Structure formats: C-alpha cells, structure tokens
Amino acid sequence: MFKKVHLHLTLLCAGITAFIMIVMSLCYLYVSEEGLYKNQFQAFKNDINTITTNLEQQSVISMEWLSKMEAQGNYLFFVLDNGVPFLYNQLKNYDESILEDQLMQEALEHYNNTILIYPDVRTSNSYVSYHFEYEFSSVSTNTKYFASVISMGRYASSLEIIVLSSLTSLEKQIGEQRFHFVLIDLAAILALTIFSWIFTGKLLNPIIENQQKQIQFVASASHELRTPLAVILSAAECCKKASPQKQEGFLKTIRQEGLRMSSLVNDMLTLSQSDGHRFSIQMKPVELDTLLMNSYEAFEPLAKEKSISLSLDLPDEALPLCNADPERISQVISILLHNAISYTPEQGKINISLFYDKDNHYLSVKDNGIGISDEDKKKIFDRFYRAEKSRSTKGHFGLGLSIAYEIVKAHGGNIYITDAENGGSEFTVVL
Ligand code: ADP
C-alpha cells in the first residue's frame, strides 16, 4: 500500500514542479524570442535608413555598390526602374534569377497589399524618397523575410529598390535556444523525479514505522490479554462444577487475573493517550524531595516483604522547586521502584537519591539486582519489551518503562540507564 502512495506522491510532486518549470520556460522563451525578433527588425530598419541616405546622396546607383551592400548585410536587392526590373537583377545565373524574380514578385505583392491597408505610408516620409518595412513569408523559397521597399523619385522617373533580409539565421538561433531548453527541462524533470522519490520516501518513513509499531502493539496487547482471559474462562468453567469450598479459590483466581487485565488495559490507555497527544500534564512547582519521601514510604513495606533494604538520600539544603506534574512524576518513581524490587533478589539493596545541578533535578533509583545487558538497554523503553531474564516475572507486561519514558518526555526531560557499580542498574530521570 505504501509503495503505491510513495509512487503517487512522487508523481504528484514531480508533476507539479515540472509543470511550473515548463510554464516558466515557455514564458521565458516567448519573451526572449519576441526580444530577438524586435531587435533584428530594428537593426534591419536602421540598415535601411543608412542605405536610403546613401542612395539619396548618389546621383547614379552603381551595381558595385549594390553588390557590396548585398555581401555585407546578407541582403537581397531588387531594383525597379518605373516598375521594370533593372539590369542589375539579370546579372545572376539563370536558376537563381528565376527564383529571385519570384521572390521579388511575392515581396512586391505583399507590399502592394499592405500599402492598400496603410495608404499614408507613401506620403508620411520625405517627398523625395520613402521606405516601408514589413515581414512576409515566401512560398517559393519557403522562408520568412524582413522586407523594405525604398521608393525614390528621380526627375520624371521613379526608382524602387526592394531589400530582403532572410530570417533563416534568426530562426536557427531560436530553434537552437528551444532545443537547449527542452534538454535542460528534461534533465530537470529527471532530477526532480529522483529528488521527489527520495524526499517523499523520507516523509513516509515515520508513517510506515508508526504503522508497524501499531501493528506490533496490537499483536503484543492481544497476546498479553489472552493469557489472563484464558485463566479466567477456565476458572469460571471449573467454578461451575466445584464444591463451595473450592469455588472460593477459583473466584480468587478470577479476581486476580481480572485485576491484571485491568492494569494492562490502564497501561495501554495511558500509552494511547500519549500517542494521541491527549496526555494530561498539570505542571506546577513541586518539592521533589517530598515526592520521593512519599514514594519511599509507600514502597518500604513491599521491599521489607522481600528482605530488600530501601534507602533514600536527599540533599541537606532545600532544593529549588521543580515545575512538574506531581501525580505523573510519582507514577514514574513507582514504575522504577516496582521494577527495582522485582528484579533485585532477596537481601538486595535499593537506593533512591536526588540532587540538583545546573538548573536540572536528577532523580535516580539504583539497585544491585540482575542488571541489564548492553543489548537490552537499547530496547527496554520499547513497548512490551521484556529482557529474557525477567520473562517469568508475573504481572510485568513490558509497558512500565515505556510509560515512564512518555511521561518524562512530556515534561521535556530525559530518562537514561547506566550500570550500577555493584552489578545492578541505575535509572536516572532529569527534569
Ligand atoms: P516490566 O513490566 O516487564 O517490568 P518495564 O517496561 O518496566 O516492563 O521494563 C522492561 C524490561 O526492562 C523488564 O522486563 C526488565 O527486563 C528490564 N528492567 C527494568 N527495570 C529493571 C531493573 N531495575 N533491573 C533489571 N532489569 C530491569
């Protein structure tokens, strides 16, 4: 399922960015091509102005001058004397001159059509000569041209010079620019797709991990609930046929297992509240030493029952108040003390201590019990995790430390474990 989502997200991400990039490239190309075209047309007009001025200054238009101009500016010149093609046009070879003749006719036709639309062109310029620039597409050469008709009145005759400039090189330049943009866009789309694949993969990772954790959590919870449930069902079955004296024993078992289930369900509820950020934490200034004293008094009888010596070390001077939820912090201390008593053999020692350093309260529970291997240290805060050595301990589901971890985290604090010097383990909570 996540593979499909990953693919769809990648396509969506890459698609949207590629679309924006292509639209921007097209806009850029449009503006740039318009600019190139306008600049070229302006340059052509300037050249025509120069040519017209030169022509006006010459009493006779020499063929050498026209040939020189053609070669210099990549232009084609056609000269019409009173509408009749001038000798200059016939100097070229036969095929070339036929093609150019057609070209000239097309240019003239276009000019005459345009003149009909803008008749004032003829009069707007100097009365001696005028010129008019336009663009047209030739059918015979299949090429676009900028064209200009320079009309000069000389004595009683009229001289018309048609100048054509092919747009082939401009179109080639535009074509190359478009080709480069296609290449750049394709490379960018490829890079975007790879980037989107990695990026969306990274985004999905926590969701995938979370889902796997949820599956694992439900599987472990069902497994843990099955055992007391099976005991309750079989005890209830036996209770039906048992004598009244024996019934009492079965009912006791049912009650005990029911309590076990209830404590497990409460733990799971606490964790699910923490996951859904519905963990209620009522912060207020708390005297941690008083809190530890209360926990000590509450657990002393239990420790005594197991012949474990429980001690409490508090600093002599009064510590600054700690901003915390007293109920929740008591819960953390209870979890740590309960574990310490469970995993410390008889005649063992457990020590609770508190000290303050650099704005932090350090609260620790140290025992000389079975200890925790380095391998297990990495996992004991995971839900339902129990180290192999402690699996037989009844009433332990492997949720206590994960609850403690969530509570400390909600306080913005830290909880870590170290080996105690006497072989057991030491849990430290930093608030
Ligand atoms: P449990 O309910 O099983 O104690 P916890 O989450 O509180 O679950 O603890 C996880 C595991 O960490 C325990 O199963 C045990 O293996 C190990 N552990 C916790 N506290 C101690 C301790 N004081 N000494 C040794 N092992 C401990």
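Placing unit charges on each Cβ (+1 for Lys and Arg, -1 for Asp and Glu) gives the chain a dipole about its Cα centre, and among Leu26, Gln331, Gly15 the Cα reaching farthest toward its positive end belongs to Gln331. Cα extents for the chain along the principal axes, largest to smallest and rounded to whole angstrom: 142, 63, 37.
Could you tell me whether the range 176-333 comes out rounded, prolate or oblate from its Cα gyration tensor? Rule is a ≥ b ≥ c as square roots of the eigenvalues, rounded for a/c under 1.5, then prolate if a/b exceeds b/c, otherwise oblate. List each step's numbers first, then the result.
On the way: a/c = 4.60, a/b = 1.64, b/c = 2.80.
Oblate.
From most to least packed by mean Cβ count within 10 Å, the peptides 359-367, 21-29, 343-351, 194-202 give 359-367, 343-351, 194-202, 21-29.
Heavy-atom accessible area with a 1.4 Å probe sorts Glu106, Glu248, Glu56, largest first, into Glu248, Glu56, Glu106. Within the accessible surface of the chain, defined with a 1.4 Å probe on protein heavy atoms only, the carbon and sulfur portion equals 58 percent.
Pull up the cross-link candidates among the aspartates and glutamates for Lys144, meaning alpha carbon to alpha carbon under 17 Å and not fewer than 8 places away within one chain. List returned: Glu33, Glu34, Glu100, Asp101, Glu106, Glu109, Glu133, Glu135, Glu171. Its alpha carbons considered, the range 186-238 gives a radius of gyration followed by a Dmax of 22.8, 76 Å.
Using a probe of 1.4 angstrom and keeping all protein chains present, the accessible surface of the range 266-324 works out to 62 square angstrom per residue.
Whole-Hz Karplus values for the range 345-353 come out as x, 4, 6, x, 10, 10, 10, 10, 9 Hz, taken residue by residue from phi with 6.51 cos²θ - 1.76 cosθ + 1.60 and θ = phi - 60°; glycine and proline positions read x. Exceedance of the 30 Å cut-off in Cα-Cα distance is limited, within the set Lys202/Lys358; Lys304/Lys409; Lys252/Lys306; Lys202/Lys377; Lys304/Lys358; Lys306/Lys377, to Lys202/Lys358; Lys304/Lys409; Lys304/Lys358.
I want to verify a result. In a Gaussian network model of the chain, Cα cutoff 10 Å, which of these has the top mean-square fluctuation: Ile98, Ile174, Ile352? For the chain, modelled as a Gaussian network with Cα springs under 10 Å, the answer is Ile98.
The values are calculated or read from the model by the stated rules, or taken from the named source; none is laboratory data. Quantities reported herein were computed from a predicted structural model and do not represent experimental measurements. Counting neighbours? That spans all protein chains shown, and the Cβs are built from the backbone with ideal geometry, glycine included. Heads up: the accessible areas ignore ligands, DNA and RNA and are worked out on the full protein's heavy atoms, side chains in. Shrake-Rupley method; radii C 1.70, N 1.55, O 1.52, S 1.80 Å.
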